[in-house]
Structures are given as C-alpha cells and as structure tokens.
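The values are calculated or read from the model by the stated rules, or taken from the named source; none is laboratory data. Because the structure is predicted, anything quoted here is derived from the model rather than measured. Note: ideal-geometry Cβ built from the backbone for every residue, glycine included; neighbour counts use all protein chains shown. Each accessible area value is taken on the protein alone, full model and side chains, heavy atoms only, with ligands, DNA and RNA left out. Shrake-Rupley method; radii C 1.70, N 1.55, O 1.52, S 1.80 Å.
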Amino acid sequence: MVNSEQDRLVQVSRLEGHDETVWSLAWRPNRSFPQLASCGTDRIVRLWGEVAGTWRLLTEIDATSRHTRTLRCAAWDPSGDVLAVTSFDSTTSLWKEVPTDEGELNFEYAGVVAGHENEVKCAAFSPSGEFLATCSRDKSVWIFETEDKGFEYECVALLQSHTQDVKFVCWHPSQDVLFSCSYDDTIKVWAPDGDDWSCKQTLTGHTSTVWSMAFDAVGSRFVTCSDDRSVRVWAPGAAPETAGTSSSSTGGYNPKTALKVTAAAYLSPMYRWGSLLPGASKAPTAQTKVAPKDAAGPWHCICNISDVHPRPVYFVDWLPSQETFATACGDNLLRVFELSSAASEDEEDWRCVAQVRAHEGDANCVAWRGTEVKGEVISSAMLATCG
C-alpha cells in the first residue's frame, strides 16, 4: 500500500465476516495481544485478534436471541472483562468472558440495561468503571452504577437537556465528567451536582449534528466531528473575547507535502501507523499538557477544520500520547491529522497528513490502538475502520 518512503499509514489486514453494515469497533483494553470487537446490522459481535502476526476471528457473540434490531455500539469496561452492546431495540446487553476447558475465548450473556424508549446509539464506561452511560434517539442520557456484580445496574441519573437525538457519549479520561453529542448541534458537559447530575456547559459552534468526539490521552483537549463537514478541537478555559469562539485552520491535504497513501478500496481494513515503520518520519508526540482541575468546564474551540471533508464526518478518534487523530467520513475516506503548530493556548493548527479510501460506502467508525499497551511500548499504533 506504500508509494512513498515517508508513508506511515500501511494496510496490514482486511477483516471480513459481517453480512451487513458494520457500525462500531472497540479495542479490548488490558490484553497482551491486539483484540478488536466489531458489531453491526447482522446482530453478531465478532472479536478479532492478531495471533503470531496474523489477524483472525477469535470468537463470535450471537446476540440475535437478545436483540431484535441492529447493534449500534460496542464498549468495553476499563478492565476489558465486560462488553456493553447497544441496540436499536432500545436496550443494552452486557457480556462477560467465561473460561472454557479448551482455553478458547468465550462470552456469555450477563444482563441487560434498559430504560430508553428508542434506539440506543452509544454506551461508554467511566474511567473508574463505576458508571455506564448510554444515550438514545429519545433525547436522553442515562447513567448507571456498575457496582452490582449480578449485572443489575441501577440508574443514578436521567439527563434530558438535549432537544434532539443524542448520538454519542464520552467520559473524560481521568474524571467522572460526561460529554454528550447530539442532533441538536451541541455538545453538553455533565458532572455530579450533590446527589444528582447536571449540565455544566453547552458547547455550540457546529451547525449540524455532532456525531462523535474523542479526548487526547490526558484529557487536556478533545476533538468533535459533525454533519456540517467540520472537525473542531476544544481546550479548557473561556473563549478569548477578542478572538471569538474558535480559530480557523485550513487543515488542507496537500499531496505534494503530506504523507502519501495509495487510494484503494477495502471492506474492513486494518492499518498500522507509527514512526518506527521502515523509512517513516517521526510522529509528533503529545505536548506537555495537563487535564484541567475540573473537566466540567469551561471549554472553548481552538481550531475549526472546515475545508477538508466534502461530506459528513461520522467518527473521530485521538491516538493516545500523540498529537494525532483520525476521522471517518461519508466520502468513504479515512484521514489522519497531526498538529502542525500551536500559536497559543487558544489557537492550534492541524493538518491532514494522510488519506485513503477505506470503504466502498460510508466510513462509519475509526479506532486507534496506541503505542503503549500494558506499560510496554510497541513500534507502531494500529488503526481500524469499519463500514
């Protein structure tokens, strides 16, 4: 797949097995070798793994007896022992690994999380593992406590500030502060308020549905993507009065100066990205940044990339410990962005450094596996997409 000595995005595998659209990908944390869960319209969760340098199907979770409609999102708890799977049938199922005599991977149904009135679009465990958040087409966000070992999670908060579908939920990486993205064009920040939870800030700027968001490794910034074809980077603090709410960045992809990647079509590709690939230039590592003392806000936009994606941007994910994120777009392309320069705490410039046609249809999700796993540094990150 490489046509330049400087390329850092290399396809390593194509995973085929789903019969219909694949909507979600989730890397399993705290495992000694790469494991990737995928789910979609066929209501089968598949767990893939790289064994002895070869990618293969490790096991399947048949959720057809538990869900009657599309599986929309898969999310691991921080330990990697529990998998939550959301469905358009308004429920979220919980699955846990159980040992077998043969030593093979096997998962069994553990419980269900219910309450939503419509399609459940996303689920996310908090970094402490204490909470599970879900969101839905019914305009609500639910937060559940996960202490019950019998998997009968108790709802501790019902959040109903959004005026339209809630598409995505995401926890701050080190604090129990929740972010939600919606069809109402906003991002909302939620945090404990006494015995309850409340909306601490509503972020505006996108002019259409906000589909997804992702934090950097320490939680000092996050990136959002939207149906308005833009990607925005946000940082702590109030917006500067003189600069407005955001700075502009062209983010343009220049084939003469950017890292080049051959354009080709794949069904479910897996890519490897890293500075230690043969002939690769060094990727920018994360700057010395720290999370805000209170992740509940305020936050403001420090970069608006508005002229790179010709169609809606459905998903974004930040590569841990590096100044790099990737997007999945409705033009079937996967794009990788790197920080070009930071003029100040209130302005950053991000550039598209690689793009590749990943699918014959919409690229629905993109997911990074970083270069540090269980305390060990590996040579390159992995990047998976689905469509």
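Assorted remarks:
- For the stretch 284-367, the relative contact order is 29 percent, taking Cα pairs closer than 8 Å that sit 6 or more residues apart in sequence and dividing their mean separation by the residue count.
- Residue separation of ASP148 and VAL218 scaled by 0.36 nm, minus their Cα-Cα distance, works out to 22.3 nm of gained length.
- Whichever aspartates and glutamates have a C-alpha closer than 14 Å to that of LYS121, once near sequence neighbours (fewer than 8 apart) are set aside: ASP89, ASP138, ASP165
- Computed from the C-beta positions of ASP307 and LYS96 and an R0 of 41 Å, the FRET efficiency is 0.35 to the nearest 0.05.
- Once the 1.4 Å probe is applied to the protein heavy atoms, the stretch 117-156 comes out at 43 Å² accessible per residue.
- Environment charge of ASP19, counting only residues whose C-beta is closer than 13 Å and scoring Lys/Arg +1, Asp/Glu -1: -3
- Relative contact order (percent, whole number), the stretch 1-131, Cα cutoff 8 Å, 6+ residue spacing: 17 percent
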